[in-house]
Amino acid sequence: MKLIYLHHSERDMTSNKKWGTIERTFDDITIEGINRANFLAEKLKGQKITAIITSPYLRCKHTAQIINKYQNLNIIEDDRFNEIQKGEKWEDLLKRNIKAIDDIVKKYPDDSVIICVTSGLNISAFICYTYNITPSNDVPLSQAADLSPVIFNINKTKETNQVFDTWC
């Protein structure tokens, strides 16, 4: 199974001039972000994608909709791929994400290609899952660049998982 982690496209924070003045769930993507997502959608045009799963955050959903331009799939929203919540510990975010990933791996066949559109810090959970790292508050925070797909080749037995840093 190919599980593709995809950080949402460039985030528009113009309505959020002072961090925290509006809920970050409503930040959309910029015009440049839309252009970049359209470029990636073109690159993925010939790929056979099984499913697109996204965080319900607007910037993630908008990115997923653009990526889906040529795929015409039903986009699945999963709030377990949201960013860290107020009062939530890092370990809890990792566990929440890992549970979502595990459910995806169990649900889809081995030859599936699944795109997960989420926020930058969630890549840490994909790394933990792939390398069977126990979630804890000591796991380093990783961050991904906007709209950069990272392929996780998942073997359901977890014996030979691999990470690839490019796809298209």
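One table, with the values for the structure above:
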quantity	calculated
Residue within the range 86-104 that is crowded, with 17+ Cβ neighbours inside 10 Å, within 25 Å of F39 (Cβ to Cβ) and out of contact with any Asp or Glu (no Cβ under 6 Å at 6 or more places or on another chain) present	no
Qualifying helices (runs of 4 or more DSSP H) (wholly inside the range 41-145; at least 2 residues being within 17 Å of the chain's Cα centre (by Cα) and hydroxyl-bearing (S, T, Y))	123-130
Qualifying residue in the range 19-33 (condition: closer than 19 Å to V150 by Cα and at pLDDT 90 or above)	yes
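The values are calculated or read from the model by the stated rules, or taken from the named source; none is laboratory data. Since this is a predicted model, take the numbers as computed values, not measurements. Cβ: placed from backbone, ideal geometry, glycine included. Neighbour counts: every protein chain shown.
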